[in-house]
Every structure is written in C-alpha cells, then in structure tokens.
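Worksheet: one structure, shown below.
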Amino acid sequence: MDMDPHLLRTFVAVARCGSFSEAARELGYTQSAVSQHIAALESDLGAVLLQRRPVSATGVGVRLLEHAGPLLLRLDAARADIARLTAAPAARIVIGVSPLAMTSQLTGTLADMRQTQPLLEVTVRVVGREAITREVATAALDLGLVDGMAAPNDPLHLPDVGPLTAMAVTEQPLAVALPDQHPLAGRTSLRLTDLTDARWIDAPDTAIPLAQL
C-alpha cells in the first residue's frame, strides 16, 4: 500500500506538538480523526510510531520523521510549482534574501524596479540561508537571493527541494576579520589553508557556515 501523505502529515504534526489535541486544532481535524490517522499509519507500516503518555516519537517514529520532512516538502513544492504555471501573472512579488546577500546592489536594483514598474508591489524578507530554497519551492517566496562560496568547478550547493533554477547574480570578495595582534593581520591576502588552525565564529544563518569553507 502506498503511504498516504495525509496520514504522514498528521503524524508529523502530532510529533511536533507532542499532543493529539493540539495537532487536531492545528490541522482542523477532530481528535478522534487524528487518532484514526495515526492508527492507520502504524497499521500500514507495522510499527508503533508514537508513545502515548507522554506523546513522543518512538525510535521508529524518529526515523520516519527524518523521511517525512523531505517527502512532504517535495509534495508541497510540486503543488506550488503547478499553481505557478496555471496562475495569472501576479502584481506582487516576495523576495527572500539571506542576511549577507542584502547588499547595496540589491537595494539599488529594487529602487530601479519601483521606478520602472510602479504598479508592482515588491516585498523583501530577510530569511535564513537554509530556509530560502524551501520557501521558494513551496511558493512562500517568489524568488530568493542567497550568499555562499562557489567556483566554476564547485557551484553553490543548495538543498534538493524540487526543480528550481539557480543562477549567479554577482561576485564579491571574501573578507576575514582578525584581531590586530593576530600573526596574519598584516597580510593583504590570505588562503583558507592559512586559517586551518584558527578559531572561527560560526553563524550559519547570517554568514557562510564553517562546513562550507
């Protein structure tokens, strides 16, 4: 039997809320319907997915949650993609921008857009880097602008959330902030290998994550 995405979505909601009643309110179902969904999913998979008191995912349930997020995201992305293809052109556009991508070049482009297309309503949201592709795929954003490190033989890596089109917009040099007393502070340029043993401040939502350096 194919797994019913409605049952899977109910399971994710119950696991996240830690409550059948809270999940029912969130989904607009009765608590009885939520219980029936969970029972049907457990019967289909032949495994107990939730501990009831207190409500929490079992080991098998935790593993299913790891699959459920990407599966439901792809379904939402597919629905949003079809809606875009069949919808009339909108007079409103929502742009998601990661913090480091919010540059003077972008603000200048937006100012020009307002002059050339005064009837177009443009909304800009600053969004964490990892969330932008997900929100573009599910139509929460019309387009996204993210920063990251890339090279001709090593393109910017984005989460696989659906058939999205990515293109380079601009290039900016990387800067490294060092204390005055650091042995490398006097150099005019650095290689990443020069900083292998350095202590870094990691802020993945606002800068390039250390894992990508």
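The values are calculated or read from the model by the stated rules, or taken from the named source; none is laboratory data. In this text, all values refer to a predicted model and were calculated from it rather than measured experimentally. Here the Cβ is made from the backbone with ideal geometry for all residues, glycine too, and neighbour counts use every protein chain on show.
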request  = Kindly check whether there is at least one residue in region 122-141 that is farther than 22 Å from A168 by Cα and of a type in the set (S, T, N, Q).
outcome  = no
key: Flag for I82 being farther than 21 Å from G18 by Cβ, at pLDDT 85 or above and within 16 Å of the chain's Cα centre (by Cα)   = no
